[in-house]
Amino acid sequence: MNRDRALRFTLGLWLAVALGGCASAETSSSPNGTIPSAGPSAFQSAAAPSSSGQAPTPTSTQAQPTATPEMTASPSPTLPPGAAGDLTHIDWQSVGFNGPAGSNIFGWSRGYVGFAYDFTANRITPWASSDGSTWTSGQKLDTSDFSAGLQAYRALIANDAQQGQDDSGMSCQLQVDNVAEGPASLVATSWLVCDGWCGSFWIGPAVWVTNDALSWDRVTPAQMGTTSQVSQEVGQGPRLPLIAGGPSGFVAITGDHSAVVSQDGRRWLKAAAVPIPSGAESVTLSSAADLDGSYVVAGSILIPHACGLVFGDDVVQAGIWSSATGMTWTRALLSPSLACVNAEVQLDRLNNHALLARETCDVASADPSAAQAYVAWTSTNGRDWTTLSGAGLIQGYTFYTDGTVNVGYAPVMPNTVGDGAFCYFDAHLQPAGLTQTGAVPTVQLTIALGPAGVLATDGTHFWIGTLS
C-alpha cells in the first residue's frame, strides 16, 4: 500500500475513462501457518501449518544466482475458481469516526489497522478494527528510531526562533508507507515528515511487526540484514524500501539489485542479487511483490550507448524477475518491450494469485506527442506475463487487496466534479467498472480493503462500502 507510488501514478493522469480501469496496493492476505518460502496454496486453514519446507539459508551473503532462460508470455491467464467473484458495485454507508485520527489506515484479511501520532510526545498509537466501525487502541509503538532526528529538528526550530522566524506552526506528521501482510503477521514502515522553510524533512524510517495488529515490535535494520545504517539526521536520508507481503512471506528491496526475504517479518534472509543482463550496465530495483508461489521484483535496466535514439545514447528498460526462494531469479520476457530513455515499472498484487505490472516509458522518438507510453501486463505466477489491452484505462488508479478481492480507486482530480472512480480486476484479469450507491463520498479518500469491504476516510470521517 505505498502512498508514494500511488501518488506518482495518480498525479497528472486523466480520468476521462473513470469507470474503465483499476490500480493496486499492498496488503497481503492469508492468515495461514508460517510459510518460509513460496508455498503451494493460499487457501490453507488458518490453523494448519504449511506443508512447504523451511526456506534454505544462503551459504553466503554474496550469493549470486545463475541466469535462467527467459519465459514467454502465457495467453489469457485465469484465476483459480473462487479466487475472485464477479462484482458490479459498491454500496456506501457512513459510519462516523471513532478510530484513528488522520488517514493512516490499511486493510488486511482480518480487518483494518490505523495509526495516530502525537508530535508533542513523539508517540504512535496503533488501532485495529474487524469491521471498520468499532476500533480498539493497542500498545504504543517504539519510536526510538525517530528520537535523534526529532532532537535535531527541534534544535533547528529553536534556532529559527532565535533568528526571528515564526516556526509556531511547524510540526511533524506520521507517514506510514505501507502495511504488508504475510502468512501470519503484518509489517509496517513509516516516516515522520516535518515542516521546514526549505521543504519537508524526513525522519526515520521505523519498521514494526505484529501478529495481532495491536501489539507491535520494532524491527531494526540489522534484523533485516541491511548493511547500511538508517540515517537519524534531519533531511532525506537513506530509506528502507517498500516491504511487500503475501502468502509466501515478505520481500524487501535493499539495494540497487538486491533484496531480502522473510517468512514472519522478524527474521530476514539475504536473497541472491538479481543478475545484470548481458550488455547492460546496471539494474535498479524499485518495486516488489509476493505471490502465492513466488517472490517478484521489478525495476529498470540501464543499457549504455544504444544506437539510434533521439534523446540520448542510453536506454533504460523495464525488467521483472521472479524466484521461489530468493536464491535464484528468472527474468520475465515482457512483450511488447519498449525502447525507452527512461522506464519505470510498478508491481501491484491483485490477490494471492495474480499480479499487475504497469510501465511508464519515455519513448525514444522525435515526435513530442509520442514522448511517453504506458503498457501493462498481468500474471498468475510472476514468470509469464500477458499484455493487458487498453492499459490506459487503468492510469490514475491505485489498487488495494485483502488477498482475495481487489479494488482500484482513482481520486477526484483537479477541475472535475463528483466522486472518485472505482473498479476491479475480475477472475479473467480484466478491469471492470464498479458503480456506487448509498451515501457516496464526494471528497478525496484514503482507501483500505478488508473483510467488511472498502473502508474510506477523508481524515475526519469514515465510510464503509459493501462490495457486491
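The values are calculated or read from the model by the stated rules, or taken from the named source; none is laboratory data. Keep in mind that this is a model prediction, so the values were computed, not measured. Heads up, the Cβs are rebuilt from the backbone with ideal geometry, glycines too, and the neighbour counts pull from every protein chain shown.
Quick one: which residue in 167, 160, 177 is in a strand (DSSP E or B), modelled with pLDDT under 90 and not small (Gly, Ala, Ser)? Reasoning before the result, please.
Details: 167 fails: in a strand (DSSP E or B); 160 fails: in a strand (DSSP E or B).
After applying the criteria, what remains is 177.
With respect to residue 278, determine if the residue is polar (S, T, N, Q), at pLDDT 80 or above and either touching an Asp or Glu at 6+ places or on another chain (Cβ under 9 Å) or crowded, with 22+ Cβ neighbours inside 10 Å (or both). Break it down stepwise before answering.
Numbers: polar (S, T, N, Q): yes; at pLDDT 80 or above: yes; either touching an Asp or Glu at 6+ places or on another chain (Cβ under 9 Å) or crowded, with 22+ Cβ neighbours inside 10 Å (or both): no.
No; evaluated as a whole, the condition is false for this residue.
Restricting the range 92-146 to residues that are touching an Asp or Glu at 6+ places or on another chain (Cβ under 7 Å) and surrounded by 24 or more Cβ atoms within 10 Å (Cβ to Cβ), which is farthest from residue 456 (Cα to Cα)?
Applying the filter and picking the extreme gives 108.
Taking the range 424-466 as the region of interest, how many residues are under 21 Å from the mean Cα position of the chain (by Cα), of a type in the set (A, V, I, L, M, F, W, C) and part of a strand (DSSP E or B)?
7
Do the conditions hold for residue 204, that is, is it assigned to a loop (DSSP other than H, G, I, E, B) and either at positive phi or at pLDDT below 90 (or both)?
No: the conditions fail for residue 204.
Filter the range 290-304 down to residues that are of a type outside the set (A, V, I, L, M, F, W, C) and at pLDDT below 90, then give me how many there are.
4
Got at least one residue in the range 148-156 being at pLDDT 90 or above and touching a Gly at 6+ places or on another chain (Cβ under 9 Å)? Spell out the reasoning first.
First, pick out the residues of the range 148-156 that are at pLDDT 90 or above: none.
No: the range 148-156 contains no residue that is at pLDDT 90 or above and touching a Gly at 6+ places or on another chain (Cβ under 9 Å).
At pLDDT below 90 and of a type in the set (Ser, Thr, Tyr): does that describe residue 287?
no
Can you tell me which residue in the range 327-346 is nearest to residue 390 (Cα to Cα), limited to those that are modelled with pLDDT of 85 or more and out of contact with any Gly (no Cβ under 9 Å at 6 or more places or on another chain)?
From the range 327-346, those modelled with pLDDT of 85 or more are 327-334, 345-346; that's our starting set.
Subsequent filtering for residues that are out of contact with any Gly (no Cβ under 9 Å at 6 or more places or on another chain) retains 327-329, 333, 346.
On the way: 327: 35, 328: 33, 329: 30, 333: 20, 346: 17 Å.
Looking at the filtered set, the residue picked out is 346.
Among the residues of the range 113-120, is there at least one that is in contact (Cβ under 8 Å) with a residue 60 or more places away in the chain and within 30 Å of residue 438 (Cβ to Cβ)?
Yes, that holds for at least one residue.
May I ask you to list the residues in the range 147-177 that are among the polar types (S, T, N, Q) and touching a strand residue (DSSP E or B) at 6+ places or on another chain (Cβ under 6 Å)?
Residues of the range 147-177 that are among the polar types (S, T, N, Q), as a first pass: 147, 151, 159, 162-163, 165, 168, 171, 173, 175.
173, 175 - these are the residues of the range 147-177 that are among the polar types (S, T, N, Q) and touching a strand residue (DSSP E or B) at 6+ places or on another chain (Cβ under 6 Å).
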